[in-house]
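The values are calculated or read from the model by the stated rules, or taken from the named source; none is laboratory data. Because the structure is predicted, anything quoted here is derived from the model rather than measured. All Cβ positions, glycine included, derive from the backbone under ideal geometry; neighbour counts span all protein chains shown.
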Amino acid sequence: MSQNPGEPKIVIDSDWKAQAQAERAKLAEQEKKAAAARPAPDAAGDQPPMEGLPPADFQTLLGSMITQALMYMGAFPDPETGRAMVSLEHARFHIDLLGVLEEKTKGNLTAEEASDLSRALNELRMRFVEISKAVAAAIQRGAVRTAPGPGAPAGGAQGPRVGPATGQSLGL
């Protein structure tokens, strides 16, 4: 194949090949060291903890479920709109799930775990009642409107979601 006069000439020599092979060997050695440094699964077959993630334990599960309930009660703004999302039905669902967890784990939790779960449930239930009253009052004043879920009539199976009076619904 002939080369055009304006194109640079490509020369692959043995020095370049040796350098590339040395770099490849160095990367492979670094990967071996990194793999050896990772904790191995324990005797029960559990995987080692993943970097950057909390441990998969009861406290993390509880925190995750509490966060879901709080999110649907407007505690966290929607990252896209910056507005709070309120879906009382979804909030109630997550609170009810925590109630099921409390009932099904009775007698199997440490005193601290049982106390944390009970305290969280009480606080979430109180907050839910307060927010429900505030939403009802805001709807009466016309400050917000209810918005049906996708494909559902207002107040239908998915229930109302609360949005601003401007017509934009919040939530899912």
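Being at pLDDT 85 or above and more than 30 Å from Met126 (Cα to Cα): is that true of Leu53 here? So Leu53 fits the description; yes. The residue of the range 79-91 that is surrounded by the most Cβ atoms within 10 Å (Cβ to Cβ), among those that are out of contact with any Lys or Arg (no Cβ under 9 Å at 6 or more places or on another chain) and among the charged types (D, E, K, R), is Arg83. Kindly indicate whether Gln3 is among the polar types (S, T, N, Q), touching a Pro at 6+ places or on another chain (Cβ under 7 Å), modelled with pLDDT under 70 and not in a helix (DSSP H, G or I). No: the conditions fail for Gln3. Among the residues of the range 82-93, is any polar (S, T, N, Q), in a loop (DSSP other than H, G, I, E, B) and touching a Gly at 6+ places or on another chain (Cβ under 6 Å)? Yes, because at least one residue in the range 82-93 is polar (S, T, N, Q), in a loop (DSSP other than H, G, I, E, B) and touching a Gly at 6+ places or on another chain (Cβ under 6 Å).
The lone criterion from (1) assigned to a helix (DSSP H, G or I); (2) out of contact with any Gly (no Cβ under 9 Å at 6 or more places or on another chain); (3) surrounded by 12 or more Cβ atoms within 10 Å (Cβ to Cβ) left unmet by Glu130 is number (3).
Every condition in (1) outside any helix (DSSP H, G or I); (2) modelled with pLDDT under 70 holds for Lys17 except the one numbered (1).
Taking the range 92-121 as the range and being loosely packed, with under 13 Cβ neighbours inside 10 Å, more than 23 Å from the chain's Cα centre (by Cα) and on the phi < 0 side of the Ramachandran plot as the test, the residues that pass are Glu103, Lys104, Lys106, Asn108, Thr110, Ala111, Glu112, Ser115. Residues of the range 97-127 being free of Cβ contacts under 8 Å to residues at least 40 places away in the same chain, among the small types (Gly, Ala, Ser) and assigned to a helix (DSSP H, G or I), which ones? Listed by number, the residues that qualify are Gly99, Ala111, Ala114, Ser115, Ser118.
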